[in-house]
1. Can you give the FRET efficiency for residue 136 and residue 77, using 1/(1 + (r/R0)^6), R0 = 35 Å, r = Cβ-Cβ distance, to the nearest 0.05?
2. Convert each backbone phi in the range 63-72 into a coupling constant with the Karplus relation 6.51 cos²θ - 1.76 cosθ + 1.60 (shift: θ = phi - 60°), then list the ³J(HN,Hα) values in order as whole Hz, x for Gly and Pro.
3. Which one, 99, 83, 54, projects farthest toward the positive side of the charge dipole computed for the range 37-109 from Cβ point charges (K/R +1, D/E -1)?
4. Measuring with a 1.4 Å probe in the full set of protein chains, what accessible area per residue, in whole Å², belongs to the range 34-83?
5. If r is the Cβ-Cβ distance from residue 126 to residue 62 and R0 is 30 Å, what FRET efficiency results, to the nearest 0.05?
6. Just to be sure I understand the model, the point goes 7 Å from the Cα along the line to the Cβ. What's the resulting residue 102 to residue 25 distance in nm?
Amino acid sequence: MCVQKKPMRRQMIVCEAAPTKKADSAAKRARQAEKRRVYNKSKKSEARTRMKKVLEALDGLKKKSEAQPDEIVTVEKLIGEAYSAIDKAVKVRALHKNTGARRKSRLARRKKAVEIHHGWYVPATAAAAEEAVAMAA
């Protein structure tokens, strides 16, 4: 039994498909990341802008010596818009939920500080103390 072996030729196969695929997917990820970055930037910017409007309105109201309690209504509308913008940014994960909560809390505290400054709001502890003094007298 004689078996003839033919010399096998090895062909060099150059496969460039794998690196090209990686480059394509990396390019796609880069495109997606850029699109998401721009979207997130606009959401964050809108939330910051709304917050800035509220803070400016509150500062103006605090500086006013003869401010009326009705003037806080316009600020409350601005606060509602700011809350909405913050909540939308949190919903699409442009902002972390704790960051959104902190920013909303900051606006509420500033509003309450203005109300206390003008005497439109009396904190519960102070109100309880006044009632105790009135009942004692």
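The values are calculated or read from the model by the stated rules, or taken from the named source; none is laboratory data. Owing to the predicted nature of the structure, the values given are computational and were not obtained by experimental measurement. Cβ coordinates were reconstructed from backbone atoms using ideal geometry, including for glycine residues, and neighbour counts include every protein chain displayed. We work out accessible area using only protein heavy atoms, side chains counted, and drop any ligands, DNA or RNA first. Shrake-Rupley method; radii C 1.70, N 1.55, O 1.52, S 1.80 Å.
1. Using R0 = 35 Å, I get an efficiency of 0.25.
2. 6, 5, 7, 9, 7, 9, x, 5, 6, 6
3. 99
4. Numbers: 3550 Å² over 50 residues.
Here the residues of the range 34-83 average 71 Å² of exposed surface.
5. Details: r = 19 Å, r/R0 = 0.64.
With R0 = 30 Å, the Cβ-Cβ based efficiency is 0.95.
6. Each label point is offset 7 Å from its Cα along the Cβ direction, giving 3.6 nm.
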